[in-house]
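**Q** Before I ask anything, here is the structure I am working with.
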Amino acid sequence: AQAKVRLPHLVGDGMIVQQNADARLWGWDKPGKMVNVTVSWSSEKFSAKTDDNGRWLVNVKTPAASYTPLSITFDDGEQTTINNVLSGEVWVCAGQSNMEMPVRGFSNCPVEGYNEVVTDAMNSKGIHYAKVPSTMRMTPQEDAQCKWETVDPNTVSECSATGYFFARVVNRALNIPVGLILANKGGSRVESWLTKENLKKYTDEPLDSMAMVKKYNRDYYRPLLWGNGTFNPILNYTVKGILFYQGCSNVGDPGNRYSDRLKLLVEQWRQQFGLGEIPFYFVQIAPYYYDDDVNKTSGALLREQQVRASDIIPNSGLVCTNDLAYPYETQQIHPTQKRQVGERLAYLALNKNYGMKNILCESPRFKDLRISNDTCYVHLKNDYDGISRYEDLQGFEVAGADKVFHKANAYYYWTKGIIITCPEVKQPVAVRYCFRNFQLGNVKNQAGLPLFPFRTDLNN
């Protein structure tokens, strides 16, 4: 790398380029310099002239996915070549700490099945990842200190667990390389990733550095900075889509603010990537004792906002995690079951983007409620013609006109739906399912995917 051409860290040995695309390659050189790019898979040549700031960018036609190592040479009179490049599928892993959480886990926060994952990593051929350091900046950054790692038993432990389990399923289902760009920050809010222009137009967040510090003594809550430092360096990269796991730090946001701002963020990212309406698949926050109380509803309200976001954001999909916390994890903000999270994200991608329509990828959702005397009948959508059990359905509550919810008895019959009664409520008016900070249900659809928490008393 002694050439005059300077490449961003993401354009380097071991990178995975998006297959069958006009993939962007970029860097810097002296202003007015011509940079020629040649690739090992084609005789076609590409070139660009640097602008007044020394920036250059070319679009290179990439081949179909393959495990064949490729190389790319950059020449401005002196050559530099990057090697071990693969063509495959590239996904961004964004969000806060549950996306950041590596396969090895955090302190006092293990990932279930760690040793098995490490010993199995030798079977993950062609999964590479690049972790962008979590960095705060007041202005948008063009590069970040990172490098591509090839997954094997020695490297898998540092990869995002959710991201790796996603990649493992896609890699093995399609038998093609998968690249992950990890650009996230623990504790970050939606506002942490919005641009200065969007924050100024749509929020009242402080945009002066001193005002930020004064309002948010915890740096991960601060707006703007993480997007500038951690996400902006990846925006030239040609990717397939975005995986997002975030929301805990926005619990308590009023009304529809969270879903509206998440929609704004997705629109911003799609515009910045300039790749059209790329897929956005995200994860519902897991059960947790927000406000130090399992029975309060601030977490449930945020989950409800995430469902709303999935309805108002085009080409998006939401993964339910109501079943992915153990009863003893009420105080664990990082639940140990990450494999299922990544796999469910992969099911969305395989069905919606890779043509595997036999993959059942949607969690069931509330459809309608009918009340007859003292009995409630609930019907679901996305159940794939059946739910996982007929008896002992847990997680339902019923309220009468007094709006006091009581634990209900529930069972399923295929001609009637979910049948719910409660001895304490003779004249029910509303039903809730797992609509508390930490409440575990057991209703799943034919695919074994859990029912999204819901309430029918939306105006209360």
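The values are calculated or read from the model by the stated rules, or taken from the named source; none is laboratory data. As the structure is a computational prediction, the values presented were derived from the model and not from experiment. Every residue, glycine as well, gets a Cβ built from its backbone with ideal geometry; the counts of neighbours run over all protein chains shown. Surface accessibility is based on the protein's heavy atoms, side chains included, excluding ligands, DNA and RNA. Shrake-Rupley method; radii C 1.70, N 1.55, O 1.52, S 1.80 Å.
**Q** Could you list all residues from the range 18-72 that are of a type in the set (A, V, I, L, M) and either in contact with a helix residue (DSSP H, G or I) (Cβ under 9 Å, 6 or more places away or on another chain) or loosely packed, with under 13 Cβ neighbours inside 10 Å (or both)? First the steps, then the outcome.
**A** Keep residues of the range 18-72 that are of a type in the set (A, V, I, L, M), which gives 21, 23, 25, 34-35, 37, 39, 48, 57-58, 60, 64-65, 70, 72.
ALA64, ALA65, listed by residue number.
**Q** Considering only the range 123-138, state which residues are within 19 Å of THR195 (Cα to Cα) and open to solvent by 40 Å² or more (accessible area, probe 1.4 Å).
**A** PRO133, SER134, MET136, ARG137, MET138
**Q** Within the range 207-238, restricting attention to residues that are farther than 15 Å from VAL132 by Cβ and touching a residue at least 60 places away in the same chain (Cβ under 8 Å), which residue is surrounded by the fewest Cβ atoms within 10 Å (Cβ to Cβ)?
**A** So, considering only residues that are farther than 15 Å from VAL132 by Cβ and touching a residue at least 60 places away in the same chain (Cβ under 8 Å), the one surrounded by the fewest Cβ atoms within 10 Å (Cβ to Cβ) is SER209.
**Q** While we're here: List the residue pairs whose Cβ atoms are under 9 Å apart, where the first residue sits in the range 365-391 and is closer than 21 Å to ALA447 by Cβ and in a loop (DSSP other than H, G, I, E, B), the second is open to solvent by 70 Å² or more (accessible area, probe 1.4 Å) and hydroxyl-bearing (Ser, Thr, Tyr), and the two are 6 or more positions apart or on different chains.
**A** Taking only residues 6 or more apart or on different chains, the pairs are ARG389/TYR411; TYR390/TYR411; TYR390/TYR413; GLU391/TYR411.
**Q** Go through the range 33-61 residue by residue and tally those that are assigned to a loop (DSSP other than H, G, I, E, B) and more than 22 Å from ILE16 (Cβ to Cβ).
**A** So the first thing to find is which residues in the range 33-61 are assigned to a loop (DSSP other than H, G, I, E, B), and the list is 33, 40-44, 50-54.
Now narrow it down to the ones that are more than 22 Å from ILE16 (Cβ to Cβ): 33, 43, 50-54.
Total satisfying the criteria: 7.
**Q** Can you tell me which residue within the range 160-185, out of those that are assigned to a loop (DSSP other than H, G, I, E, B) and crowded, with 20+ Cβ neighbours inside 10 Å, is nearest to the chain's Cα centre (by Cα)? Before you say what the answer is, go through the steps one by one.
**A** Kept after step one, since they are assigned to a loop (DSSP other than H, G, I, E, B), are these residues of the range 160-185: 175-177, 185.
In the following step, the residues that additionally are crowded, with 20+ Cβ neighbours inside 10 Å were identified as 176-177, 185.
On the way: ILE176: 21, PRO177: 19, LYS185: 12 Å.
The qualifying residue nearest to the chain's Cα centre (by Cα) is LYS185.
**Q** Now for a different question. Which strands (runs of 3 or more DSSP E) does the range 396-445 wholly contain that include 2 or more residues that are over 17 Å from PHE366 (Cβ atoms) and of a type outside the set (Phe, Trp, Tyr)?
**A** Strands (runs of 3 or more DSSP E) meeting the threshold: 405-407.
**Q** In addition: What residue, among those in the range 239-259 that are within 10 Å of the chain's Cα centre (by Cα) and among the hydrophobic types (A, V, I, L, M, F, W, C), is surrounded by the most Cβ atoms within 10 Å (Cβ to Cβ)?
**A** Per the criteria, the residue is LEU243.
**Q** State all residues of the range 321-364 that are assigned to a loop (DSSP other than H, G, I, E, B), more than 22 Å from TYR289 (Cα to Cα) and not hydrophobic (A, V, I, L, M, F, W, C); if no residue qualifies, say none.
**A** Across the range 321-364, the qualifying residues are ASN353, TYR354, GLY355, LYS357, ASN358, GLU362, SER363, PRO364.
**Q** I would also like to ask the following. Is it true that THR415 is surrounded by 13 or more Cβ atoms within 10 Å (Cβ to Cβ), over 24 Å from PRO327 (Cβ atoms) and more than 29 Å from the chain's Cα centre (by Cα)?
**A** Spelling it out, it is not the case that THR415 is surrounded by 13 or more Cβ atoms within 10 Å (Cβ to Cβ), over 24 Å from PRO327 (Cβ atoms) and more than 29 Å from the chain's Cα centre (by Cα).
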